[in-house]
Structure formats: structure tokens, C-alpha cells
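The values are calculated or read from the model by the stated rules, or taken from the named source; none is laboratory data. These figures come from a predicted structure and were not determined experimentally. Because the Cβ atoms are built from the backbone with ideal geometry, glycine has one as well, and the counts that use them run over all protein chains shown. Ligands, DNA and RNA are excluded from the accessible area calculation, which covers all protein heavy atoms including side chains. Shrake-Rupley method; radii C 1.70, N 1.55, O 1.52, S 1.80 Å.
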Amino acid sequence: MIAGTSFVWDGAALQPDGVISALDRGVLFGDGIYETIRGYNGVLFQLEAHLDRMAQGLRVLQMPVEPTIAQVREALAQLEPLDQGQDLRLRVTVTRGVGGQPWELYQTTGPSIALQCRVLPRLCDILPKVGCSATISDVRRNETSPLSRIKSLNCLDNLLARSQAQAAGFDDVLFLNTADRVVEASTSNLFIVAGKAIFTPPVEEGLLPGITREVVMELAHVTQRPLIAEDLFQADEIFLTNSISEIVPLTHLDGNPIGTGDPGPVTASLYATYRKMTQGT
Ligand SMILES: Cc1ncc(COP(=O)(O)O)c(C=O)c1O
């Protein structure tokens, strides 16, 4: 695969630097979904789990599931093999395509599929060691919306809040839902460590069922339960999970240290296990 390249699937072949119409519903209404997948040493990590989540997103958007996933598979199969030794980020975007009144979901040309691939900056491997800071957003996550649980193209709440947090000197931002319970960060899921126990909020609270979250729940005993902001400030450790940045300790929240204020041992040990898994050792 040529890093730094984007492709559009034309139904039969991948077109390098292809374009999607300005009339595409993904452009007009954010009518689509995407996946961001990390490739380690030439292999896309957890590819099947990403495709399963994409299928669930298609169901929620009432788009054809099987034929669309089959097309995504065909498109992926046409990529050149990933360069060995390089860690890559692959984004797969699927929109509903062109056509119909905004509310007419079935009068369209069929899906548009785009792939983007780039080599990861080394920074990605520094964050798990140094950790990050966050603030809590005033914007609430709407847990009653099905969009809160799929990776839809509507991510501006997340991006605007993160940009505002960064302007105020924080790395990231955490969201509460309408019941004032903690859900996740702008682009990652959240776990807390309290003593020997690890907790994470359930998906029903209004969060994306992250692929890395799922892997962490396989690697460690994690209890899913609703969390409030107070749980965060009293935690011994907090960590965030994301396919690209993996497992990142959250060491400071709204200026307060979490635990000692340094990355903690439970997070470090989980990160080491996760790294072994991604490296296939
Ligand atoms: C809102 C949100 N939550 C959680 C995640 C983590 O998901 P994953 O582990 O599948 O990358 C992401 C990923 O981008 C995200 O955008």
C-alpha cells in the first residue's frame, strides 16, 4: 500500500486520488460512517471487528449491509500489501451516495467508498508513556441518539470540543451524557482504575463500542458500570483507548492530578500486553 494515498472505489477498481461528488450525501448531510484501523508490520489489526462495527453502523443508517461490506472487502483486497515494518493508519469511509430528498434514504446511487492510508507519526508511541490531560466538556452526549453508538460522519461535537479544550491548554476533552454520567473522550473510550478494579461505562450510556475497548476487556477483568465525574477525580488511574493511539494514561483532569499524576502501573502493564498482541509476539 502506498502511504499518503487516497482511493475511491468505482464499483470495480480503486481509483487513486479519486473524488467523491459534492452532491454526495456524506458531504451534504454527514450521511455515512467510517472506520479507522491501525496496521502493524503489514497487518491490519482487528480488521474483522472493524468490519463488524461498520456493519452495525450500516444497519443503524438503514443502508444495505452485506453488499456494502462485500464491496469494502473487495476494495481492501485491491490495496497493495502493507509495507512491512511500517505502522499505518487506514481510514475507510462509506457514504449513502448521491440522490433523493434529504429524508429519502432509499433513492440513491448506492454507497460511495473511499480509503485513505498514511504512515503514523512516531508521536503515537510517545503518548502511552507520557500520558495526557483533559477537561470535561459542557456539551452533553445524547445517549438517546443511535448516532452516539456508531462511528458516523457526524463527529463535530467531538472535534469542536477538543479544539476548544486544546485552546485552553488541555490535550483532550471528556463528555458526560444527559444524565451527568461520564461516557468517553473526543476520540477514545475511557477506563478508570480504582484499587485493583477496572471500570468502564456501558455502551448504553451513549458511547462508541470501541475496538480497543473490546480488546482491553478481553485482556483484563473489567466491570462495566455507569460512572460519574467524582469517580474520575477519585480514581487511582484513568486511561483512554483508541485504535491508533492504543492505551494512553490520562494523568490530569481539569488541572487535578489523577492518582500520583504520573502514568500508573495498571495502565503500563495493560499497554505492554496490548503491544505484545499487536506485534504478534
Ligand atoms: C468517539 C470515539 N470513541 C471511541 C473511539 C475508540 O474506538 P476504537 O478503539 O475503535 O478506535 C473513537 C475512535 O475514533 C471515537 O471516535
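Remark: accessible surface ordering of H252, H50 (largest first) is H252, H50, probe radius 1.4 Å.
Near S243, the amide H atoms lying under 5 Å from its own belong to T212; only residues 5 or more places off or on other chains count, and H is placed 1.01 Å from N. For the chain, pairs of C-alpha atoms spaced more than 30 angstrom apart make up 32 percent of the total. When T273, T267 are compared by accessible area of protein heavy atoms, the largest-first order is T273, T267, using a 1.4 Å probe. Surface composition of segment 1-136: carbon plus sulfur atoms hold 57% of the accessible area, using a 1.4 angstrom probe and ignoring ligands, DNA and RNA. Our note on the geometry: Cα centres of segment 132-158 and segment 1-65, 21 Å apart.
Using the Cα gyration tensor of segment 26-137, with a ≥ b ≥ c the square roots of its eigenvalues, what is the shape: rounded (a/c below 1.5), prolate (a/b larger than b/c) or oblate (neither)?
Values: a/c = 2.53, a/b = 1.53, b/c = 1.65.
The shape class here is oblate.
For segment 168-278, what class follows from the C-alpha gyration tensor (a ≥ b ≥ c being the square roots of its eigenvalues): rounded when a/c is under 1.5, otherwise prolate if a/b is larger than b/c, else oblate? It is rounded, given that a/c, with a ≥ b ≥ c, falls under 1.5. Karplus-derived 3J(HN,Hα) values for segment 184-189, using 6.51 cos²θ - 1.76 cosθ + 1.60 with θ = phi - 60°, are 6, 9, 4, 9, 8, 8 Hz; glycine and proline are entered as x.
In straight-distance terms, cross-link reach from K129 covers every one of the aspartates and glutamates whose alpha-carbon lies under 19 Å from its own, apart from those fewer than eight places away in the same chain; here that gives D87, D171, D172, D236, E237, E246, D262. Using the alpha-carbon atoms, what tilt in degrees (0 to 90, nearest 10) does helix 66-77 show relative to the longest principal axis of the chain? The angle comes out at about 90 degrees.
Normalised by the number of residues in the chain, the mean separation of alpha-carbon contacts (under 8 Å, six or more apart) gives a relative contact order of 18 percent.
Rounded, prolate or oblate, given the Cα gyration tensor of segment 1-68, with a/c below 1.5 counting as rounded? The shape class here is oblate. For segment 141-240, applying the loop criterion from DSSP together with a ceiling of 14 other beta carbons within 10 Å to the trypsin sites (Lys or Arg not before Pro) yields K196.
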